[in-house]
1. Ranking VAL113, VAL86 by Cβ neighbours within 10 Å, fewest first, what do you get?
2. Among GLU49, GLU84, GLU21, which comes first, then next, by fewest other beta-carbon atoms within 10 Å?
3. May I ask for the Kirkwood hydrodynamic radius of region 1-113, worked out over all distinct Cα pairs and given in angstroms to one decimal?
4. Averaged across orientations, what area in nm² does the convex hull of the alpha carbons in region 1-54 project?
5. Would you order THR112, THR2 from fewest to most other beta-carbon atoms within 10 Å of each residue's own beta-carbon?
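Every read-out reported here was derived from the displayed coordinates using simple, explicitly stated rules and does not represent laboratory data. The structure displayed is predicted, hence computed values, not measured ones. Don't worry about glycine lacking a Cβ; one is built from the backbone with ideal geometry, like all the others, and counts go over all protein chains shown.
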Amino acid sequence: MTFSGDLRGRDFSGQDLSGAEFAGADLYRAQFRTACLRGAAFQDCFAAESDFSHACCAGLTAYRSSFYRAQFRGADLSGALLRECVLAAADLRGADLRRLTITLDCDSFEDTVLSRTAGAMLAYLFGRARSPQRARWIHVAGEHDLEHLQSLFGR
């Protein structure tokens, strides 16, 4: 199933979109609440201010897509891959970020909203990376958080 073109404001809430492909789609303010997007792919999409709250996005891949101010509250992003994506001002509170891969060429995380747990997970991931962004994120997590995350993810 492939989606493209003008899909602004479209409501995909609760739908099973496993393996769906979104290519060059304008998804501005689209609704994906509680949708199943397991293994879905977003390429060259504009999904600013879209709502992925409590959606299953496990294994999702995104390339050169904008999720500016998107809602991912409580979403399962485990095993997702985000390459060259915009996540500025996105809300990731309560999201499952285990095994999430974000390439360091992603746009800034400026104004991204995180829960303490999600912030600690990202801090841990950036802490393991060798990048200029490491210093910006590592201070988010305290020693106890890092020890807990190391026990979850291993070294």
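1. On the way: VAL113 15, VAL86 23.
Ranked by crowding around the Cβ, least crowded first: VAL113, VAL86.
2. In order of increasing Cβ crowding within 10 Å: GLU84, GLU21, GLU49.
3. Working: mean 1/r = 0.0760 Å⁻¹.
This gives a value of 13.1 Å.
4. The directionally averaged projection comes out at 3.0 nm².
5. Result, fewest neighbours first: THR2, THR112.
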